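Asker: This is the structure I want to talk about, given as structure tokens.
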Amino acid sequence: MNPPLLEVNSLRTYFNTPAGLSRAVDGVSFALLPGETMAIVGESGSGKSITALSIMQLVPEPAGFIESGTIQFNGKDLLDLTWEQMRSIRGRQISMIFQEPMTSLNPVFTIGFQIREAMLTHGKYRGDAATARAHSLLERVGMNSPDKVLRQYPHELSGGMRQRVMIAIALANEPQLLLADEPTTALDVTIQAQILTLLRDLQRDTGMSMLLITHDLGIVSQVADKVAVMYAGQIVEQAPTRDLLSNPHHPYTQGLIASLPSRSRRGNALFTLEGVVPPPTRWPGGCRFHDRCSKRMEICNTQMPSTTSQGEYRSVRCHLYPSAEAVTSQEPTR
Ligand code: SF4
């Protein structure tokens, strides 16, 4: 098997806040193979976006900092790189797209300028070659009139078109890894489906790996090979997508799947996952999900479960699935 393109180990990203230390990402480990798509799923506040920002080393400083862990990319720990070295990897080998493209697009420059700029920054394409590539990238992301779009400003485009432009910019330098943070959340359902199909096709055609961050478990089956479910700063279950959706182990994953609208449409009673993710300054002791878990046992109130292997490609963090062999070596104590 190929070595992982990306391997995150025991990552902890914390923030100093007026309410105390926020342990937003608290011991996260996963690996992504070349050409693979993995979804990180969880409710708002689970730490999934901060995981992506940590990989890009875009955690807002000085409040935020990576407390410990490693982020191996192509065998090198990104946390050992200088700011300059990391800047050259960002946008060239690793690109990122966000939920709201207007926050990333500059309103005073044309789309053509901004796509060309992304290429010039990393020196891969220049002059006429950059313009030609900008044109072909817009065609590739499904723009009907690339010439016109190249001359337009972001405010002249719809939300779906802006997201296509962001994808074109992200792909400009042929990255090995694309991080997509809620790329379809701001779009209506039809456009959402088009963008997901586009991302899946681009991933397949280019062979890049993709890490999709989403709160919507319903969309992962369309794009992801495997899924990591995050809750309260930790990964609570990882599995191939089909296995996770057909046979979820962790009670939180079961709750997320039971509350999918498509399940209720098939005649099941509408299920709502009660409660919210607790604030990261006050993670509960024991299992962090115990306040919301219908399968809670005595041990869950006081002892944090370890992550245990459930077969070659599957792991779960829950006392219902004990195993002699814990997957992670550096478990938080609470
Ligand atoms: Fe529920 Fe206990 Fe498993 Fe936590 S460890 S998910 S509280 S059964």
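The values are calculated or read from the model by the stated rules, or taken from the named source; none is laboratory data. Model, not experiment: these values are computed from the prediction. Positions of Cβ are generated from backbone atoms using ideal geometry, with glycine treated the same way; all protein chains shown enter the neighbour counts. To get the accessible areas, we keep the full protein, side chains included, count just its heavy atoms, and leave off ligands, DNA and RNA. Shrake-Rupley method; radii C 1.70, N 1.55, O 1.52, S 1.80 Å.
Asker: For the range 133-220, take the convex hull of the Cα atoms, compute a quarter of its surface area, and give me that in nm², please.
Answerer: One quarter of the hull surface, i.e. the mean projection, equals 5.6 nm².
Asker: Taking every Cα atom in the chain, find the radius of gyration and the maximum pairwise distance Dmax, and write them in Å.
Answerer: 20.5, 68
Asker: A further question on this structure: Size of the dipole of the chain about the Cα centre, Lys and Arg at +1 and Asp and Glu at -1 on the beta carbon, nothing else charged, in debye to 20?
Answerer: Result for the chain is approximately 360 debye, rounded to the nearest 20.
Asker: In bins 10 Å wide, starting from 0, what share of all Cα pairs of the range 6-147 does each bin hold, as a percent?
Answerer: 10, 32, 32, 20, 5, 0
Asker: Continuing with this model, one more query. Tell me the per residue accessible area of the range 1-108 using a 1.4 Å probe; a whole number in Å² is fine.
Answerer: Counting only protein heavy atoms, the per-residue value for the range 1-108 is 44 Å².
Asker: For the chain, what's the relative contact order in percent, using C-alpha pairs closer than 8 Å and at least 6 residues apart?
Answerer: 20 percent
Asker: At 4 °C and 1.567 mPa s, what whole-number value in µm²/s does Stokes-Einstein give for the translational diffusion of the range 98-141, with Rh from the Kirkwood sum over Cα pairs?
Answerer: Calculated translational D: 117 µm²/s.
Asker: If you take the charge dipole of the chain about its Cα centre, with +1 on Lys and Arg Cβ and -1 on Asp and Glu Cβ, which of A228, M102, T272 is farthest toward its positive end?
Answerer: T272
Asker: At a 1.4 Å probe radius, carbon and sulfur cover how many percent of the accessible area of the range 193-259?
Answerer: The C+S portion of the solvent-accessible surface of the range 193-259 is 44 percent.
Asker: With only Lys, Arg, Asp and Glu charged, each at its Cβ (+1 for the first two, -1 for the last two), find how big the charge dipole of the range 1-106 is about the Cα centre; round to the nearest 20 debye.
Answerer: Values: 7 positive and 10 negative charges, 26 e Å.
Result for the range 1-106 is approximately 120 debye, rounded to the nearest 20.
Asker: What is the set of long-range amide H partners of I235 at a cut-off below 5 Å, with H atoms built 1.01 Å from backbone N?
Answerer: Under 5 Å from the amide H of I235 lie the amide H atoms of S29, each far enough along the sequence or on another chain.
Asker: Name the residues whose placed amide hydrogens come within less than 5 Å of the amide hydrogen of E67, ignoring near sequence neighbours (fewer than 5 apart) on the same chain.
Answerer: R12, T13, Y14
Asker: Given a 1.4 Å probe and every protein chain left where it sits, what share in percent of the accessible area of the range 77-154 is carbon and sulfur?
Answerer: In the range 77-154, the share of accessible area belonging to carbon and sulfur is 50 percent.
Asker: Hey, with R₀ at 51 Å, roughly what FRET efficiency would N74 and I299 work out to, going by the Cβ-Cβ distance, to 0.05?
Answerer: Values: r = 41 Å, r/R0 = 0.80.
Efficiency at R0 = 51 Å is approximately 0.80.
Asker: Further, regarding this structure: Can you give the net charge of the other residues whose Cβ lies under 11 Å from the Cβ of T206, counting K and R as +1 and D and E as -1?
Answerer: -1
Asker: Here's another thing I want to ask about it. Just to be sure I understand: with springs between alpha-carbon atoms less than 10 Å apart, which residue in T17, T253, T110 has the highest mean-square fluctuation in the Gaussian network model of the chain?
Answerer: Top of the fluctuation ranking is T17.
Asker: Would you report the distance distribution of C-alpha pairs in the range 202-298 as whole percents per 5 angstrom bin, up to the bin with the largest distance?
Answerer: All Cα pairs, binned at 5 Å, distribute as 2, 11, 20, 22, 19, 13, 7, 4, 1, 0, 0 percent.
Asker: Using θ = phi - 60° and the Karplus relation 6.51 cos²θ - 1.76 cosθ + 1.60, list the HN-Hα couplings for the range 212-221 in order, rounded to whole Hz, with x at every Gly or Pro.
Answerer: Taking θ as phi minus 60°, the curve returns 9, 9, 8, 8, 10, 4, x, 8, 5, 5 Hz for the range 212-221.
Asker: So, one more: Please work out the C-alpha center-to-center distance from the range 61-103 to the range 215-265 and express it in whole Å.
Answerer: 26 Å
Asker: Could you tell me how many cubic angstrom of Cα convex hull volume the range 104-174 has per residue?
Answerer: Values: hull volume 5.5 nm³, N = 71.
Looking at the range 104-174, the number lands at 77 Å³ per residue.
Asker: Note down the relative contact order for the range 104-174 as a percent, whole number, built from C-alpha pairs under 8 angstrom at least six residues apart.
Answerer: Once normalised by length, the contact order is 45 percent.
Asker: How large is the convex hull of the Cα atoms of the range 213-258 per residue, expressed in Å³ as a whole number?
Answerer: 70 Å³
Asker: Per residue of the chain, what 222 nm ellipticity follows from adding -39500 (n - 2.57) for every DSSP H run with n ≥ 4, rounded to the nearest 500? Walk me through the numbers before you get to the answer.
Answerer: Values: 11 runs with 102 residues, N = 334.
Calculated at 222 nm, the ellipticity per residue is -8500 deg cm²/dmol.
Asker: Rank by packing, highest mean first: peptides 95-108, 152-165, 43-56, with packing defined as the count of other Cβ atoms within 10 Å averaged across residues.
Answerer: Ranked by mean Cβ neighbours within 10 Å, highest first: 43-56, 152-165, 95-108.
Asker: Another question, if that's okay. Quick check: the distance between the Cα centres of the range 167-188 and the range 104-130, to the nearest angstrom?
Answerer: What the calculation gives is 16 Å, centre to centre.
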